[in-house]
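Have a look at the structure below, then the notes.
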Amino acid sequence: MNMPYIPEDSPFNQDQKAWLAGFMAGLQTRLINTADAGGRSKPPIYILYGSQTGNAEGLARTAAASAKQHGLEPVVQSLDEVEMEALGKMRRVLVVTSTYGEGEMPDNAELFWEALSSPTAARIEETTFGVLAIGDTGYDGFCEAGKLIDMRLEQLGAHRLLARVDCDVDFDEPANAWIEAALPLFAEVEGGADEVAAAPAAEEAAPAASAFNRKNPYQSTLAVNRRLSGDSSAKEIRHYEFALGDSGIHYEAGDALNVIPENDPALVSLILNRLNVGADTAVAKQDKPLAELLTRNFEISTPSRELIAAIEQRAGNEDLSRLLQSGDKEGLDNWLWGKDTLDLLQLNPGVSLSADEFVSLLKPLQHRATLSPPARWLTLTIST
């Protein structure tokens, strides 16, 4: 690869020539660094994420690591870092996005969506893309952000390489399976001559992955618990500090505490009595007894949509049936206010559910993030 140079008779002064020489040297170094052993540049894949609590960003980093194994050069960016002009030059785009609240874009994807959805957005017919969406079926707008981006990219002429997948809260297996199916397809996509030049400068190496994550949280001890609000205040505000010991975790600005809750033992006991089963009852496809599952693994405070629908079909409750059948979401939310799964079971004492059936209607118990995005994982056991 020949080193670029500036001709002596070029119409630049010495300062301008020095700047241009430095710019071209940096570009040359970048092109060399992206060349493989055979001297050919690795084709870039742009892995763009919209993340509210860090899950989508984590999947984007996972995809980036796997992309290198498929001969691709990953460029990882949040969606809001992408300009529409740059998007049009990207040949391989893998989007990973969560959905915030009732179908809204995550915070770091709002500006991107505003530009993408604009009537004046440019065509991007040279772009090949795939969308991985994660969400929560407990909300009406399940994976809505991913669905909207997927549809809009197609409307602008981009070519969908593979079908979008919509993942629920237990997303690890389907998301990773989609990533592994997508990357070999992206590796086969031919790119344009300008795609390497269009790529941003290589980002700094990501910090080494922590041994602690969503599946393996660090068991921290609450070291300080101090009330900040006054005795007469209507709100209780507290200052907490957590001991990190020899975990190797260091707090950085933007880090969040993720609380992994446990359900109230009294509520668990009442549900077991209502189901007329023992605490050690075995549950199909589960490796823990029922009481432990209801305490640590499944949400029993907020009824799932599946449970609500199942109870409505069996309980014969006129108010619940009317609200579900009319599609009155606001009315249903008001009716459900303050009700947990036990309240629904108590609507009709004659309704009988086996332990297996009851657990199949529950959602996984999710962490509660105090800030976003979370970069570190700790554990605090609380009752909900």
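The values are calculated or read from the model by the stated rules, or taken from the named source; none is laboratory data. Treat the numbers as computed from the prediction; the structure is a model and nothing was measured. FYI the Cβ positions are ideal-geometry reconstructions off the backbone, even for glycines, and counts take in every protein chain you see. The accessibility values were calculated without ligands, DNA or RNA, using every heavy atom of the protein model including side chains. Shrake-Rupley method; radii C 1.70, N 1.55, O 1.52, S 1.80 Å.
In this view, the solvent-accessible surface of Leu228, computed with a 1.4 Å probe and all protein chains in place, comes to about 110 Å². Per residue, segment 108-178 exposes 46 Å² of accessible surface when a 1.4 Å probe is rolled over the protein heavy atoms with every protein chain present. Cross-link pairs exceeding 23 Å between alpha carbons, from the set Lys68/Lys363; Lys288/Lys363; Lys285/Lys329; Lys147/Lys339; Lys42/Lys89; Lys235/Lys329: Lys68/Lys363; Lys285/Lys329; Lys147/Lys339; Lys235/Lys329. Give, to the nearest whole percent, the P(r) tail of segment 230-349 beyond 16 angstrom, counting all Cα pairs. Considering segment 230-349, 73 percent of its Cα-Cα pairs are separated by more than 16 Å.
Surface composition of segment 35-124: carbon and sulfur make up 46 percent of the accessible area, probe 1.4 Å. When only the Cβ of Lys, Arg, Asp and Glu is charged (+1, +1, -1, -1), the dipole of segment 89-150 relative to its Cα centre reaches about 500 debye.
Note on surface exposure: His159, His367, His70 rank His159, His70, His367 by accessible area, highest first, 1.4 Å probe.
For segment 218-308, give the percent of accessible area contributed by carbon and sulfur heavy atoms, probe 1.4 Å, rounded to a whole number. With neighbouring chains kept in place, the figure for segment 218-308 is 49 percent. For chymotrypsin sites (Phe, Trp or Tyr not before Pro), the sites in segment 47-154 that DSSP calls loop and that have at most 16 other Cβ atoms within 10 Å are Tyr139.
Less than 5 angstrom separates the built amide H of Gln52 from those of Ser98, all sequence-distant by 5 or more or on a different chain.
Asp168: net charge of surrounding residues, Cβ under 12 Å, Lys/Arg +1, Asp/Glu -1, itself excluded? Please report the intermediate quantities before stating the final value.
Working: positive: Arg305, Lys363; negative: Asp136, Asp166, Asp170, Asp172, Glu173, Glu306.
Here the charged neighbours net out to -4.
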